[in-house]
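Taking it in order: structure first as C-alpha cells, then the write-up.
The values are calculated or read from the model by the stated rules, or taken from the named source; none is laboratory data. Everything numeric in this text was worked out from a predicted model, so none of it was measured. Here the Cβ is made from the backbone with ideal geometry for all residues, glycine too, and neighbour counts use every protein chain on show. Accessible surface is based on the protein model in full, side chains and every heavy atom, while ligands, DNA and RNA are left aside. Shrake-Rupley method; radii C 1.70, N 1.55, O 1.52, S 1.80 Å.
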Amino acid sequence: MTTPLWIQYLLAIVSGFLLCLVLMQLQRARRTPLHNTPLLQFLQQQSNAYWLTDPQAIPLWHNHATRHPAANTRLAQQLFFSAEGLDPGLPDILAMLQISPHWQGQVWIGSSDRQAYQLNVRVLSGYRQRFLLWHWKPLQAALEQAQAQISAYADPVTKLPSATLWHYWLQSQLHRHQAKYHSLAVLLLEMNDYPAIVRNFGQTAADGLLQQLVNNVQAEIPASAFMARLAPHQLALLLSLDGHAEQAEQQAIQLSREILQFCQGPFFIPQAELRLDCRAGIAIFPEAGHDADELQAHAAHALHIAATLPERMHLWQMQGKNPAPGLQLQYELQQALTQYQCEIWSQPVIELATGIATAFRLELYWRSPQRGLLSYAELKPLAEQSGQLLALERWAFCQICQLAELWQRLGPLPPLQVELSAANFRHCGLLNFLQSQLEDHQLQANQFVLCLREDGWLQDPAGFSKQAEELKAAGFGLMIVEVGDGLSSLQLLQQPFWQAAELSAAMIKQLEESETQRNACASLIRLLVHLGLKVCTQGTDREMQAYLLHVMGGYGCRGAHFSTMRLVDGRQQPYGGQQQWRMAG
C-alpha cells in the first residue's frame, strides 16, 4: 500500500522546518555581540566610552571613546567605590549582576590618579553566553564644578559659611521670625590684630589662630546660633533671643560680652602665645531693621562705633543713650581677676546623723578695694549686670581644681560642692570645659557635686536637661539648691539627673518658732526623700534647727552653728574636714 502523495509533501515540509530550527539554534549558539553589526555601529557613534566584556569583565570590544577611560584587563585592581581607593568595586558589581541584569552607580577608576565616572553595566539578552555592556560617563568635570560651588559658599580656612550663604540664611530667618514675632541679634565680630598677625607671623599662623578662635566660639555659643566668615578678619553670628525690647537687648549684650571673652584667648601659634583685641557690633531685629541688608548695615555701623568705646562693644539701638552702663563695674571685675582680688572660701557640709563633714561647699569671694569683701551671693548680681559672671565662675572652677589637686595629696577628700549659674548652660561647651580642667589636674568627675539653681531650667528646659544629663553621665553629682525659695515645680524635681537637694535658708529661718513653717519644711523634706534625693540645708545657725532637720529626715546641713565660710589655701585641707561636731540629743 502506497502513502498518499499529500502526506509525503506534509512530511517533507515538517522535516524542512525542523532542520531550519536546528540550524538557527546552531547559529545562535555561535553568535556573539561582536557579530551584531548594527549594535556595534550605534555604540561607535557615541561620545561616551562603551565596553563589551565577558562575565569576568575581560574586554572583548570597545568604541573609539575608550581613552576616557582606557580599556584594560586590570579592572579588578583599578575600579573603586571611593576616590581614596579603599573600596574595590568590581567584585560587588559582578555579584549584583548575578541577581539583577542591570547595575549603576558612581565609581573611580585608576591606579593612583583616579577619575570619577557614572557607570552603567547591563547583561545583554538574546545570547547563549553572558556578555556585559559597560557605559562610562565622566563625572570629574561635574565634581570639580560642584566643589567650586561649595567653595563659593564655604570659607576654606574655617569651613564656616561664606558671605553669600550668610546673606541667604539671614533673609530666610528674618522671614521665619517675622511670622512668629521673635527677636534676632546680628553680631559682627572684628579682630583688630589680624592684619598685624599676618604681617608679623605669616598667613599660615594667622589661619591657625583664626581656626582656634572659631573653635572657641563654636564650643560656647547656643546650638541654635549660626556663624559665618564675612571677611578675612570679620565673623558674623545670628543669635535667637527670648522676649522683646529691653529684655532682648539685655540678653544680646550679655551673650556678646561672653563671646568677646571667648575671643580674647590666649591662642597659640608656633612662634608665640597671643591675646586678641576684638570688637563687636550688634543690631536686633526687628527694632534695627526688617530686612537683611538694613539689619547688617546697622550692625556694621555699631561695629564702627565699638572701636571708639572702652568696652569694645556697641548695640545699635543704644545710640543717643549711655553706651556703656555699668562700665566701671565691668572694669573693676576685670581688675579683680588680673590683680588677685578673687578668693576661694569653704564651708563644711555636716552629716546630721554623725556630725562628720561629708562634703565641702566652695564659693567665690571678691575682696574689692572699693566695695570691701563680697560673698558669692553679693557678687553674683553685679557680675550678671556687667556680663562677667561666666568668666568669674570659670576662673573659680580652675582655682578649685588646682586646690583639689594639692588637697588630695594630703589625704582623702570629701566631695567638693561648686555652684554654677544659668550662664554656663547658655553655652554648649560646659562639659568640655569641666573635663579639660579635670584632666589637667588629674581629678575625677565624681569628686565634684555641681550646685544648680532652677533659673537655668526655667529659661530653657530642654537645653538645661540635655546638658544636665550629659554631666551626670560624665560622673558629676548634681544638686538643686535654693529649694523652697523659688518656683521649683514637681516636674523639675522629678528629673532623673538630680542626686541631692538643698533647702534655702529662708525655709528654716523660723523653724523653731512657727509650727506652720515646721509642717511645710517637713512635708517638703518627705517629698524630696520620696523622690530619692539626699536633703541638705543651708543657714543652719542654731543647734535646735539642726535637731529638727535631723528628726524630719534631713541628711546634712551647713551654717554658722558648725562653721562659717573660711578662706582656703593649698597647704591644708579646708577647715572642718577632721572635726566631729556634737549633735543635739
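For the range 184-226, the tally of residues that are out of contact with any strand residue (DSSP E or B) (no Cβ under 9 Å at 6 or more places or on another chain), surrounded by fewer than 17 Cβ atoms within 10 Å (Cβ to Cβ) and closer than 20 Å to Phe425 by Cα stands at 3.
Within the bounds of the range 250-265, is there any residue that is part of a loop (DSSP other than H, G, I, E, B), at pLDDT 80 or above and open to solvent by 20 Å² or more (accessible area, probe 1.4 Å)? Looking through the range 250-265, none of the residues is part of a loop (DSSP other than H, G, I, E, B), at pLDDT 80 or above and open to solvent by 20 Å² or more (accessible area, probe 1.4 Å). Filtering the range 135-168 to residues that are open to solvent by 90 Å² or more (accessible area, probe 1.4 Å) and modelled with pLDDT of 80 or more leaves Lys137, Pro156, Lys159, Tyr168.
Yes/no per residue for (1) among the aromatic types (Phe, Trp, Tyr); (2) over 35 Å from the mean Cα position of the chain (by Cα):
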{"site": "Trp457", "(1), (2)": "yes, no"}
{"site": "Asp460", "(1), (2)": "no, no"}
{"site": "Phe476", "(1), (2)": "yes, no"}
{"site": "Val481", "(1), (2)": "no, no"}
{"site": "Met507", "(1), (2)": "no, yes"}
{"site": "Glu515", "(1), (2)": "no, yes"}
{"site": "Ala520", "(1), (2)": "no, yes"}
{"site": "Ile525", "(1), (2)": "no, yes"}
{"site": "Leu531", "(1), (2)": "no, no"}
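Would it be correct to say that Ala307 is open to solvent by 20 Å² or more (accessible area, probe 1.4 Å), of a type in the set (Gly, Ala, Ser) and over 16 Å from Ala383 (Cβ atoms)? Criteria met by Ala307. I'd like to check something: does the range 68-83 contain any residue that is over 45 Å from the mean Cα position of the chain (by Cα), open to solvent by less than 80 Å² (accessible area, probe 1.4 Å) and at pLDDT 80 or above? Checked the range 68-83: no residue is over 45 Å from the mean Cα position of the chain (by Cα), open to solvent by less than 80 Å² (accessible area, probe 1.4 Å) and at pLDDT 80 or above. Sub-6 Å Cβ pairs linking a first residue in the range 186-200 that is farther than 21 Å from Ala252 by Cβ to a second residue that is among the small types (Gly, Ala, Ser) and open to solvent by 50 Å² or more (accessible area, probe 1.4 Å), at least 6 apart or interchain, number zero. Total residues in the range 267-294 satisfying the condition of being within 27 Å of the chain's Cα centre (by Cα) and not basic (Lys, Arg): the figure is 15.
Does Ala506 satisfy the condition of being open to solvent by 20 Å² or more (accessible area, probe 1.4 Å), in a helix (DSSP H, G or I) and either under 28 Å from Leu373 (Cβ atoms) or at pLDDT 85 or above (or both)? So Ala506 fits the description; yes.
Scanning the range 90-134 for residues that are open to solvent by 30 Å² or more (accessible area, probe 1.4 Å) and on the phi > 0 side of the Ramachandran plot yields a count of 1. Only a single criterion out of (1) open to solvent by less than 50 Å² (accessible area, probe 1.4 Å); (2) closer than 22 Å to Ala396 by Cβ; (3) part of a helix (DSSP H, G or I) is not satisfied by Leu492, namely (2). Of everything listed in (1) at pLDDT 85 or above; (2) over 48 Å from the mean Cα position of the chain (by Cα); (3) surrounded by 14 or more Cβ atoms within 10 Å (Cβ to Cβ); (4) of a type outside the set (Val, Ile, Thr), the single unmet condition for Asp54 is (3).
Considering the range 237-249, the residues that are open to solvent by less than 40 Å² (accessible area, probe 1.4 Å) and more than 18 Å from the chain's Cα centre (by Cα) include one that is nearest to Pro310 (Cα to Cα), namely Glu249.
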